[in-house]
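Presented below is the structure to which this report refers.
The values are calculated or read from the model by the stated rules, or taken from the named source; none is laboratory data. Small disclaimer: the values here were computed from a predicted structure and weren't measured. All Cβ positions, glycine included, derive from the backbone under ideal geometry; neighbour counts span all protein chains shown. When the accessible area is computed, the model is the full protein with side chains, heavy atoms only, and any ligands, DNA or RNA have been set aside. Shrake-Rupley method; radii C 1.70, N 1.55, O 1.52, S 1.80 Å.
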Amino acid sequence: MSTGSRTRTCWGRISGAIVEDEAFLETLKTGDEEAIQEKLQRIMKSYFSERINGL
């Protein structure tokens with residue numbers, strides 16, 4: 001998988017969470033940077049765990 005493809009997949013995961021996870025969307029609306037960062041970290045951790053497990 002190319003770097004560009006991985007980047008799109010990663011952004012796809014984040015944008016999907018915005019649509020699918022009502023709590024994440026509400027957190028984004030609050031502008032609470034710490035809470036947003038926590039939710040993004042969980043999304044990214046899940047993404048990278050799946051990538052690592054796929055190796």
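Summary table below
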item	result
Principal axis dimensions, largest first and in whole angstrom, of the chain by Cα	36, 17, 17
Apportionment of accessible area to carbon and sulfur, the chain, percent (1.4 Å)	55 percent
Spin-label model distance (nm) - ASP32 vs TRP11, 7 Å beyond Cα toward Cβ	2.8 nm
Positive dipole terminus of the chain, leading residue within ILE14, THR27, SER49 (C-beta point charges)	SER49
Cβ charges +1 (Lys, Arg) and -1 (Asp, Glu), total dipole of the chain, debye	440 debye
The chain - accessible surface per residue (Å², probe 1.4 Å)	77 Å²
